[in-house]
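Chemist: Dumping the structure here so I can ask a few things about it.
Since every read-out is calculated from the coordinates, none of them should be taken as a lab result. Model, not experiment: these values are computed from the prediction. Cβ placement follows ideal geometry from the backbone for every residue including glycine, while neighbour counts extend to all protein chains displayed.
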Amino acid sequence: MAFTVLAISLGVLFEIFSTGMRASRSAEEFTRATLLAESRLATIGIEQELEEGESTGEYEDGYAWRVAVRPYRLDGAEAEGVPPPIEAYEVIVTVSWGQGSRERSVSLTTLRLKSGASVGSGAGPGARTAP
């Protein structure tokens, strides 16, 4: 009788331990993906030009990334024929890992600003244009 109680108790303990380990690994994966997404997001506008479009890639440890940059517009915020002094872009970084039904992902979204004077002119942020 004591052996049966011991076997059942050990089975329950092993299941609890196993569940805790899975949860810990999952939390570690989400933390790693979030750090990778934050790192990729920090490069937008610095290492990677702030241009409309999408780009993708993979990290060596099985994580993949996707960056989507698109213009951000407020309804009625622009006057006709007058370019905005600053353009806003919505930047979405998604880091994914796993495969099939176990695929997971983390997405971070932010707005980045680009000076209207430098758009299409090749001029830098402090450049002036003739009136």
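Chemist: Show the residues, 5+ positions off or on another chain, whose built amide H is closer than 5 Å to the amide H of residue 50.
Modeler: 45
Chemist: Quote the FRET efficiency, to the nearest 0.05, computed for residue 46 versus residue 25 with a Förster distance R0 of 22 Å and r equal to the Cβ-Cβ distance.
Modeler: Between residue 46 and residue 25 the formula returns 0.10.
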